[in-house]
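Have a look at the structure below, then the notes.
The values are calculated or read from the model by the stated rules, or taken from the named source; none is laboratory data. Since this is a predicted model, take the numbers as computed values, not measurements. With ideal geometry, Cβ positions are generated from the backbone for all residues, glycine too; neighbour counts draw on all protein chains shown. Ligands, DNA and RNA are excluded from the accessible area calculation, which covers all protein heavy atoms including side chains. Shrake-Rupley method; radii C 1.70, N 1.55, O 1.52, S 1.80 Å.
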Amino acid sequence: MKRTVSDEMFEAARRVIPGGVNSPVRACRSVGCDPLFIKRGLGAVLTDVDDNEYIDFVCSWGPMILGHAHPSVIAAIQAAAVDGTSFGAPTPTEVDLASLVVEAVPSIEKVRFVNSGTEATMSAVRLARGYTGRNIVVKFDGCYHGHADSFLVKAGSGLLTLGIPGSPGVPEDIVKNTLSIPYNNLEILEDTLRQKAAEIACVIVEPVAGNMGCVPPAPGFLEGIRRLTKELNILLIFDEVITGFRVAYGGAQERFGITPDLTCLGKIIGGGLPVGAYGGKAEIMDCVAPDGPVYQAGTLSGNPLAMAAGIAMLKELQRPGVYTELERKSARFEEMLNGISRATGVPTQLNRVGSVMTVFFTPDPVSDFESAMRSDTERYGQHYRQMLSTGIYLAPSQFEAAFVSMAHSEKDLDTAAKMTEWSFKKLLEK
Ligand SMILES: *Cc1c(COP(=O)(O)O)cnc(C)c1O
């Protein structure tokens, strides 16, 4: 095959960057190809360094809910940049974005900005431990909460894709305080919490799991977690790094009507710039330094460019009809894809919540880590490569979500469906 500019760049990258990438799943190993280098994104379309165009369903792993290079977001970043890019002192934009977040998310009374989702979850757990004086964190198998040490236990896509259960470099002493239990199983949760209640600081959950592919909460699951944690005085942390401003403006907690104690945000909140946030009840947030003893800081936290991008993003998302349109387009896309699965006889399970979805290559329902793992990843790899060859850019792993954005036109979705039909037929050829 002809060597592409992407191939050359990847070779150069591997000389100076481990694996040639700054985040492992980008290397595309589990789908058996090398990554494309992207030079431009506009709306729903990515252009690679070889000038190939793709309809993008990765959307930077979630943030680009308005599509790439949205004019309002770009204008806000440009306007902010000419006034200087960082001061390490308070700026008005931080108050503006914090106010928008507090208005948007029902359970957040105060919020602290950080630079990534990882920092948000790491800080929220430190706060939960500091506030309760307890050490144990309960999480769910297949949920990913960033790459901080205490979360690297059965932690979803990146690790799944590489086939490593945890990670060297994470001391036993740290993960012994992390209990990972099956998603969507209230019985095991109840047993675990009742046994160790006095030592458990918090339960952290993706209210819609997105990092083992999209796995919605079973009816009653989130309610059950809330009921048990409240009864046993354990803090409940919703990791809404994907779901925040995605499955509803106020996140999964708005969509499902559950009030967590702390919430982690990331991805969409930065408008494509590096922003994370954690927030919750004022009484708990006031334990963070300088008001309280739990230390957490950041040189670039609340960065004026990032805040400006976040504000522009949230204001666009406040426009009437945004979430109805996302729901309608995504539901129609789901219907088309399910129709193709039935017509071609390629067995799939499509899980969707709003504009987050995953097509699992398995005939059986996917409700947790174990059932997700029954997917045919070889088949996904072939489908991925076939779709890429026709200009459809999917996540390079079975255990990731596809995102529909405001920039995807009905025509884009029709094109993607047509290519899916072609690809599914090809999967059955031998
Ligand atoms: C992406 C993600 C994170 C980590 O965010 P980064 O910005 O990549 O550090 C944490 N939790 C969830 C649910 C995520 O999807």
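Within region 1-26, track down each residue that is assigned to a loop (DSSP other than H, G, I, E, B), under 25 Å from the mean Cα position of the chain (by Cα) and surrounded by fewer than 16 Cβ atoms within 10 Å (Cβ to Cβ).
Listed by number, the residues that qualify are ILE17, ASN22, SER23.
Give region 73-103 a look and list any residue that's open to solvent by 40 Å² or more (accessible area, probe 1.4 Å) and of a type in the set (Ser, Thr, Tyr), or say none.
THR85, SER86, SER99
What are the residues in region 38-49 that are open to solvent by less than 50 Å² (accessible area, probe 1.4 Å) and not aliphatic (A, V, I, L, M), if any?
Within region 38-49, GLY41, GLY43, THR47, ASP48 meet the criteria.
Going residue by residue through region 318-325, is there one that turns out to be part of a helix (DSSP H, G or I), within 15 Å of the ligand (Cβ to nearest atom) and under 21 Å from the mean Cα position of the chain (by Cα)?
Scanning region 318-325 turns up no residue that is part of a helix (DSSP H, G or I), within 15 Å of the ligand (Cβ to nearest atom) and under 21 Å from the mean Cα position of the chain (by Cα).
Can you confirm whether region 68-88 contains a residue that is among the polar types (S, T, N, Q), part of a loop (DSSP other than H, G, I, E, B), in contact with a Leu (Cβ under 9 Å, 6 or more places away or on another chain) and away from the ligand (no atom under 16 Å from the Cβ)?
Within region 68-88 (the criterion being among the polar types (S, T, N, Q), part of a loop (DSSP other than H, G, I, E, B), in contact with a Leu (Cβ under 9 Å, 6 or more places away or on another chain) and away from the ligand (no atom under 16 Å from the Cβ)), the answer is yes, since at least one residue qualifies.
Tell me, which helices (runs of 4 or more DSSP H) lie completely within region 200-302 with 3 or more residues that are buried (at least 24 other Cβ atoms within 10 Å of the Cβ)?
251-256
Yes or no, residue by residue, for (1) in contact with a strand residue (DSSP E or B) (Cβ under 8 Å, 6 or more places away or on another chain); (2) more than 16 Å from the ligand (Cβ to nearest atom); (3) among the hydrophobic types (A, V, I, L, M, F, W, C):
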{"residue": "PRO260", "(1), (2), (3)": "yes, no, no"}
{"residue": "LYS267", "(1), (2), (3)": "yes, no, no"}
{"residue": "TYR278", "(1), (2), (3)": "yes, no, no"}
{"residue": "PRO290", "(1), (2), (3)": "no, yes, no"}
{"residue": "THR299", "(1), (2), (3)": "no, yes, no"}
{"residue": "ALA309", "(1), (2), (3)": "no, no, yes"}
{"residue": "LEU314", "(1), (2), (3)": "no, yes, yes"}
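Looking at region 49-67, which of its residues are in a loop (DSSP other than H, G, I, E, B) and over 30 Å from TYR144 (Cα atoms)?
VAL49, ASP50, ASP51, ASN52
Are any residues in region 37-48 in contact (Cβ under 8 Å) with a residue 40 or more places away in the chain and either in a loop (DSSP other than H, G, I, E, B) or among the hydroxyl-bearing types (Ser, Thr, Tyr) (or both), and if so, which ones?
ALA44, the sole residue that qualifies.
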